[in-house]
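The values are calculated or read from the model by the stated rules, or taken from the named source; none is laboratory data. For clarity, every value in this text was computed on a predicted model and none was experimentally measured. Here Cβ is always computed from backbone atoms with ideal geometry, including for glycine, and neighbour counts include all displayed protein chains. Remember, those area values only see protein heavy atoms, side chains included, never the ligands or the DNA or RNA. Shrake-Rupley method; radii C 1.70, N 1.55, O 1.52, S 1.80 Å.
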Amino acid sequence: MKRFANKVAFVTGASRGIGKAIAERFASEGAKVALISNHNDDLNETVGEFQGLGYEVLPILADVSDANQVEEAVNHTVAEWGRIDILANNAGIAWEEDFLEIKDDNWRKMLDVNLNGMFYTAQRVSRQMVKQGEGAIINMASTNGLVGEVKFAHYNASKGGIVLLTKTMALELGRHNIRVNSVCPGYIQTPMSEAIDDEAFVQEYISTKISIGRVGKPEDVAGVFAFLASEDAAFITGTEIVVDGGQLAQ
């Protein structure tokens, strides 16, 4: 039997990049997957691809920085499938900006999506999981939530907040049989990273910072999400798993 047969996974930022890989991993292992995205064209393309593979998916267009849209997405999923067993809380944004030049609107936008959106989604899904008496939540943090990086003050702040949000959730939700962990990827090549970094930067980054000798792939992160959602991780909660090819080991 597939690990996630008869399970419902709720994946945010599911239409591209790491989120799409996470959604595909859960679907390929038997889960029904609610695909949450605010990119309509990407979402439609992903749905067509997944349905062609025989996956059972529910597309929901929603912006996680809007609490009302999050609540509607959760309610829609529960109305369709009756429950939510797994939350892959992945949606996020990033861009470079010198600390002294960060505009207030840009600061707010980064925190609204990356941290507020993480909170809205986790809280609304947790309320459903409490009713069920079980669940697994995996929040997307980053190595940038553990160490600083220049030109990413707003992003670093949002990801650092996620790490401690995760630990606090784990302390409060454990009595409801809900496990909460975070994943901290390092350099993962996605459409978002490709828009920021040129090839010369990527090669230098690999040679100076990543001992395993390559950048990460979305599938490298998806496998960790699947592990943390599975029974193999039944006694793991309140911690973060670093997926960085050895970057933080130096």
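Annotations for the structure displayed:
- Ala94 meets each of the listed conditions (1) aliphatic (A, V, I, L, M); (2) in contact with a Phe, Trp or Tyr (Cβ under 8 Å, 6 or more places away or on another chain); (3) at pLDDT 95 or above apart from (3).
- Of everything listed in (1) touching a residue at least 60 places away in the same chain (Cβ under 8 Å); (2) in contact with a helix residue (DSSP H, G or I) (Cβ under 7 Å, 6 or more places away or on another chain), the single unmet condition for Gly82 is (2).
- Of all residues in the stretch 72-94, those satisfying the criterion of being over 17 Å from the mean Cα position of the chain (by Cα) and either open to solvent by less than 70 Å² (accessible area, probe 1.4 Å) or of a type outside the set (Asp, Glu) (or both) are Asn75, His76, Thr77, Val78, Ala79, Trp81, Gly82, Arg83.
- Taken together, Glu97, Glu134 contain a single residue that is among the acidic types (Asp, Glu), open to solvent by less than 40 Å² (accessible area, probe 1.4 Å) and in contact with a strand residue (DSSP E or B) (Cβ under 9 Å, 6 or more places away or on another chain), which is Glu97.
- The stretch 36-51 residues that are at positive phi and open to solvent by less than 70 Å² (accessible area, probe 1.4 Å), paired with ones that are at pLDDT below 95 and not in a loop (DSSP other than H, G, I, E, B) (beta carbon under 8 Å, 6 or more apart): none
- Where a residue in the stretch 235-247 is on the phi < 0 side of the Ramachandran plot and in contact (Cβ under 8 Å) with a residue 40 or more places away in the chain and its partner, wherever it lies, is of a type in the set (Lys, Arg) and open to solvent by 60 Å² or more (accessible area, probe 1.4 Å), with Cβ under 7 Å and at least six apart: Gln247/Lys209
- Index of the failed condition, Phe99 passing every other in (1) over 19 Å from Gln128 (Cβ atoms); (2) within 20 Å of the chain's Cα centre (by Cα): (2)
- Residue that is farthest from Met192 (Cα to Cα), among those in the stretch 224-249 that are part of a helix (DSSP H, G or I) and open to solvent by less than 20 Å² (accessible area, probe 1.4 Å): Ala233
- Residues in the stretch 135-162 that are touching a Gly at 6+ places or on another chain (Cβ under 7 Å), β-branched (Val, Ile, Thr) and over 17 Å from Ile18 (Cβ atoms): 0 in all.
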